[in-house]
Structure formats: C-alpha cells, structure tokens
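J.: One structure coming up, written as structure tokens, with questions to follow.
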Amino acid sequence: MNGDSSFPDSSSGKEKNNRKSLQRLFRGDFLVFLLFLALAFFFWWSQTMNDTYEASITFPIELRNVPNDIRVTSSPPGQVVISFGGKGTSLWRVRSGSRKQLIGLDCAQFQMGQGRASYPTQNLKDTLSGLIPSSVTIRNMEPDSISFRYVLQKAVMLPVVYDGSFNSQDQYSLERVIFEPDSVKALIPLDKLEAYDAVYVKNEKLDLNRDTLSIDCILRPLDDAILETSEVNMTVVAQQYTEKSIEVPVTGVNFPDGITLRAFPSKVSLIFWVKMADFEHVTSKDFKVVIDYDDIEGRNVDKAELHLYSQPANVTNVRLQTKDVEFLMEENRNDSVFVI
C-alpha cells in the first residue's frame, strides 16, 4: 500500500491541461464564432422579415356606453380575429401592438331591432387604419359581424314589504315595521312591468319579545329584474299588551223616533288587550255596544244580539262576554230615545 504513494498524480495534470485549453478557446476562437453566428442570424432575420407573409392576429373587443334602458342578455364576442398581409417586420409590429390595443365599440354604432344588435366587422377597417402600418393590408375578419341580444327595460322604485310571520311572546304585539330604505330601485323589462308591485323580504318567522328589533334582511330576487341592492335594514317596533275588562252600556241604533229601548242587563262586560302605556286611558266611553233595530224589526223575539259598534284604535282582541240580552221597546211621546 505504501508503494502506491510514490507514483505521480496523473489525473490532476490532465485537469490543468483541460482548463488551459478552454481558456484559450474562450479568449480567441469561440468569441469570433459567436460574433459570426450573431451576424449570420441578423442577416437571416433581415432577409426573412422583408418577405411578404399572412398572419391572423386577435384584437380584444369591448362594448361601451350601453344606455340605461337597454340590458344586454347575451354578451358580444370578446375578440375579433383579423388576417393581415404584409412584410414580416410590419406584421410583427402589428402583432406586438394588438396585445395593447383594445377596440371599443359604442353601443350607438350597432344596428338594433327585435332584441338583437349587430355590427359588421368590416366597419372596423376605419378604426384599424390608425393602428396598422400603411404597408399592411386587411384580408379577412372573423366573425363577419359582432352581435348581442338585449331587452328594453325601465327603472322603477318598488316598496319593500315583509311577508313573513311574527311569533308574539311575553304579551308583545306588532306595532309597525320600518324599512331602510323603504323602497328599492329595480330594472325591469318593459314586458314585465305589470308583474311586480313590490319587493319582498325573504320569508322568516320572528319572535316579538322586546320593544324594538333591528335586523339586516335579504331581499327575495325578482325573475328578470335587477335590484339596485339585495339587502335592507328592518326595524320591528312592538308594544307590550295586557288584558283589561270594563263594563259598557247597551244602546240602540237605527231605532225610529219615539221608541224607547230597555235592555236587561243594561251594561255588559268587555275584555280586550291594551298597550300597557294606555291602560289607564281606555274607558267605557271609548266603546259602543248596540242593539240594531234592523235585527229585531217585525220579529216576535225577546232577546237581541249585541254588536260591538265602535272601539278605540289602541286595543285589540275585543271580546263581548255576553252575546245577547233581553229587551223591551216602549212608545214614548218624546222624540228622543232613552237608554237605561
């Protein structure tokens, strides 16, 4: 093993010779080779680009200035493919510029009718004349026309309506519902205008267990219509009610002059719900319980049905504890009707 170490390292000498050869190559012959290669490519490129070619180039299209009374239902193609003829250098400039050039078509330029708008692509020649060199010619365009479908529409304000239900708890009852905004702008096709008179909040069931409830609500979409907003704020105002009972005198309506009505009993009990804030303010004077003469005229009866003739607006669920009462009718010389 020790004898092997006395031989010279031949591999390291070869690596040194290779590095020296590469250095000489890069210093002289290889750089000259690269120079001639670049010159050859330049002359080839110049000769090639001077020849005449045909190239298909894509230009992006954008529809602009669509009036508010028109809704596009099928968008026009987003690009047009144009075949050009010309020298290679000119076509290369056109291709490079097409990536940056957006052709905008004004909606007023389209021929419109029967829900369809059309624009012949041949009309683009004037637009493209400022984008391409004079030596380049337009040979073909695809598609031959740019078209889209549309409907005529009208902007209307529709009131917001809640069609859900309320679950009263703890003797709370609905007072009113407030929306913000209370109406929403909708874009509706002309042939659908009569189909919509309101926009509705999605059907929900809310618990009434406090004086005020404020929530953000999603509007129910309308077929063929576009809503300006999809959400409104709904404030639900509730009032807490309590039960109250009072006695109200029985009176008569539609009785002829000179007839006296006597009811037995002369007063009946009413039970109703009233706002707690109005509990002390509601009295028997706010109600009217009557016997209608039309119910008993010409009939041989001794009992008459009672009717709740009037009640205040701030009470609900009014119930008569007595459905009918006995009565007497007496002639009276006086013109007035006496009620006992």
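J.: Hey, can you tell me all the residues within segment 284-319 that are surrounded by 15 or more Cβ atoms within 10 Å (Cβ to Cβ) and assigned to a helix (DSSP H, G or I)?
T.: 286, 293, 295, 296
J.: Further question on the same structure: Going through 89, 121 one at a time, which residue ends up being among the β-branched types (Val, Ile, Thr), touching a strand residue (DSSP E or B) at 6+ places or on another chain (Cβ under 9 Å) and more than 29 Å from residue 223 (Cβ to Cβ)?
T.: Only one candidate qualifies: 121.
J.: Turning to a different aspect of this structure: Would you please list the contacts, defined by Cβ atoms under 9 Å and residues six or more apart or on different chains, that run from a residue in segment 287-304 that is assigned by TED's automatic domain parsing to the domain that holds residue 324 and more than 15 Å from residue 263 (Cα to Cα) to a residue that is surrounded by 13 or more Cβ atoms within 10 Å (Cβ to Cβ) and of a type in the set (Val, Ile, Thr)?
T.: The qualifying pairs are 287/246; 287/248; 287/315; 287/318; 294/253.
J.: Sticking with this one: Here is a check on your reading of the model: is residue 216 free of Cβ contacts under 8 Å to residues at least 12 places away in the same chain and either touching a strand residue (DSSP E or B) at 6+ places or on another chain (Cβ under 6 Å) or in the same structural domain as residue 114 (by TED's automatic domain parsing) (or both)?
T.: no
J.: Among the residues of segment 86-108, what is the count of those that are buried (at least 16 other Cβ atoms within 10 Å of the Cβ) and either at pLDDT 80 or above or touching a His at 6+ places or on another chain (Cβ under 8 Å) (or both)?
T.: Counting residues in segment 86-108 that are buried (at least 16 other Cβ atoms within 10 Å of the Cβ) and either at pLDDT 80 or above or touching a His at 6+ places or on another chain (Cβ under 8 Å) (or both) gives 3.
J.: Among the residues of segment 208-251, how many are assigned to a strand (DSSP E or B) and surrounded by fewer than 14 Cβ atoms within 10 Å (Cβ to Cβ)?
T.: 11
J.: What number of residues within segment 126-158 are charged (D, E, K, R) and more than 14 Å from residue 57 (Cα to Cα)?
T.: Qualifying residue count for the region: 4.
J.: In segment 159-199, how many residues are touching a Lys or Arg at 6+ places or on another chain (Cβ under 8 Å) and either assigned to a strand (DSSP E or B) or more than 21 Å from residue 73 (Cβ to Cβ) (or both)?
T.: 9
J.: How many of the residues making up segment 254-280 are within 14 Å of residue 172 (Cα to Cα) and part of a loop (DSSP other than H, G, I, E, B)?
T.: 0
J.: Are any residues in segment 156-177 exposed (fewer than 14 other Cβ atoms within 10 Å of the Cβ) and at pLDDT 95 or above, and if so, which ones?
T.: Result: 157, 159.
J.: OK, next. Kindly list the number of the only condition in (1) more than 47 Å from the chain's Cα centre (by Cα); (2) closer than 29 Å to residue 165 by Cβ that fails for residue 274.
T.: Among (1) more than 47 Å from the chain's Cα centre (by Cα); (2) closer than 29 Å to residue 165 by Cβ, residue 274 violates only (1).
J.: State which residue is modelled with the lowest pLDDT when the search covers only segment 180-205 and only residues that are surrounded by 12 or more Cβ atoms within 10 Å (Cβ to Cβ) and more than 16 Å from the chain's Cα centre (by Cα).
T.: 204
J.: Taking the condition modelled with pLDDT under 95, in the same structural domain as residue 313 (by TED's automatic domain parsing) and on the phi > 0 side of the Ramachandran plot, does residue 258 pass?
T.: So residue 258 fits the description; yes.
The values are calculated or read from the model by the stated rules, or taken from the named source; none is laboratory data. Everything numeric in this text was worked out from a predicted model, so none of it was measured. Note: ideal-geometry Cβ built from the backbone for every residue, glycine included; neighbour counts use all protein chains shown.
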